[in-house]
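Chemist: Sharing a structure here in structure tokens format.
The values are calculated or read from the model by the stated rules, or taken from the named source; none is laboratory data. Quick caveat, the model's predicted, so the values are computed rather than measured. Reconstructed Cβ throughout: ideal geometry from the backbone, glycine too, with neighbour counts over all protein chains shown.
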Amino acid sequence: MNESKASLLIADDHVLFSEGIISMLRDTYHFSGLVTDGKQVMNAILERKPALILLDINVPNIDGLELAKLIKSNFAEVRIIFLTMYNEGKFVDQAQKLKVDGYMLKHSTKEELILAIDKVLSGGKYFDPKLNLEKTNLHQTDYFVKKFLLTPREVEIIRLIKKGASSGQIAEALHLSEETVRSHRKNIHFKLGVSKVSELIEFANANGL
């Protein structure tokens, strides 16, 4: 596959991360573009005709799971690899139900990504061996998220806080500025009615997050 320079499209609002992927893999594949808004994805596929799309789950306006369903319905020939921070069984399970072609974590190495992309372009499936396939309590988590009006990004940040990550580490992991992370943290504390990190962690644990 490497010699034919297969055409890839990236759909992800983490621009710095995506530009890094393009820079790292441009000698191996042709990148037909970067889309940062879910509403633009279908038109981008129609216009640029990629062989494969690297799709984040957390995409603005139309999330990656819904996009995968639309792509499979309208562009069956386009291969889909989720490239995401979400290492959770419930998302992997949903991806498999949608019949996506691959699922990779964003901290994968160049060699791991090439292995996955080539396998999928050859007609196979590739799911990151590092994936955590244990399912969380989906109903409890969904109830918690809806009740407190949390966004997917806020949920990501809460889970990183639970792991002991600082604002700087969260910013690096999610390819955001520290100022943006601090703003998210302020919103999280306001929505949950907590003032301390220990209270936030206790609250999240109690609600299955």
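Chemist: Which residues, counting only those in the range 61-74, are surrounded by 14 or more Cβ atoms within 10 Å (Cβ to Cβ) and either touching a residue at least 40 places away in the same chain (Cβ under 8 Å) or in contact with a Lys or Arg (Cβ under 9 Å, 6 or more places away or on another chain) (or both)?
Modeler: Within the range 61-74, Ile62, Asp63, Gly64, Leu67, Ala68, Lys72 qualify.
Chemist: If the Cβ limit is 8 Å and pairs must be 6+ apart or interchain, which residue in the range 27-55 that is under 19 Å from Ile117 (Cα atoms) pairs with which residue that is among the polar types (S, T, N, Q) and surrounded by 21 or more Cβ atoms within 10 Å (Cβ to Cβ)?
Modeler: Leu34/Ser18
This table checks each residue for (1) surrounded by fewer than 14 Cβ atoms within 10 Å (Cβ to Cβ); (2) in contact with a Pro (Cβ under 8 Å, 6 or more places away or on another chain); (3) outside any helix (DSSP H, G or I).
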position: Ile10; (1), (2), (3): no, no, yes
position: Phe17; (1), (2), (3): no, no, no
position: Gly20; (1), (2), (3): yes, no, no
position: Ser23; (1), (2), (3): yes, no, no
position: Thr28; (1), (2), (3): no, no, yes
position: Leu34; (1), (2), (3): no, no, yes
position: Gln40; (1), (2), (3): no, no, no
position: Asn43; (1), (2), (3): yes, no, no
position: Leu54; (1), (2), (3): no, no, yes
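Chemist: Assigned by TED's automatic domain parsing to the domain that holds Leu9 and surrounded by fewer than 22 Cβ atoms within 10 Å (Cβ to Cβ), is that true of Val78?
Modeler: yes
Chemist: Same structure, new question: Please determine whether any residue of the range 88-102 is at pLDDT 95 or above, outside any helix (DSSP H, G or I), assigned by TED's automatic domain parsing to the domain that holds Gly20 and not charged (D, E, K, R).
Modeler: Yes, some residue in the range 88-102 is at pLDDT 95 or above, outside any helix (DSSP H, G or I), assigned by TED's automatic domain parsing to the domain that holds Gly20 and not charged (D, E, K, R).
Chemist: Anything in the range 15-49 that is over 19 Å from the mean Cα position of the chain (by Cα) and under 17 Å from Ile80 (Cβ atoms)? List them, or say none.
Modeler: Scanning the range 15-49 gives Tyr29, Ser32, Asn43, Leu46, Arg48, Lys49.
Chemist: Further question on the same structure: Residue by residue through the range 58-69, note down the ones that are of a type in the set (A, V, I, L, M, F, W, C) and in contact with a helix residue (DSSP H, G or I) (Cβ under 6 Å, 6 or more places away or on another chain).
Modeler: Our first condition is that a residue be of a type in the set (A, V, I, L, M, F, W, C); within the range 58-69, this holds for 59, 62, 65, 67-68.
The answer is Val59, Ile62, Leu65, Leu67.
Chemist: Restricting to the range 169-209, count the residues that are in a loop (DSSP other than H, G, I, E, B) and either in contact with a helix residue (DSSP H, G or I) (Cβ under 8 Å, 6 or more places away or on another chain) or surrounded by 15 or more Cβ atoms within 10 Å (Cβ to Cβ) (or both). It would help to see each step written out before you state the result.
Modeler: Pass one, the range 169-209, residues in a loop (DSSP other than H, G, I, E, B): 175-177, 193-196, 207-209.
Next cut, either in contact with a helix residue (DSSP H, G or I) (Cβ under 8 Å, 6 or more places away or on another chain) or surrounded by 15 or more Cβ atoms within 10 Å (Cβ to Cβ) (or both) only: 175-177, 194-195, 207-209.
Count: 8.
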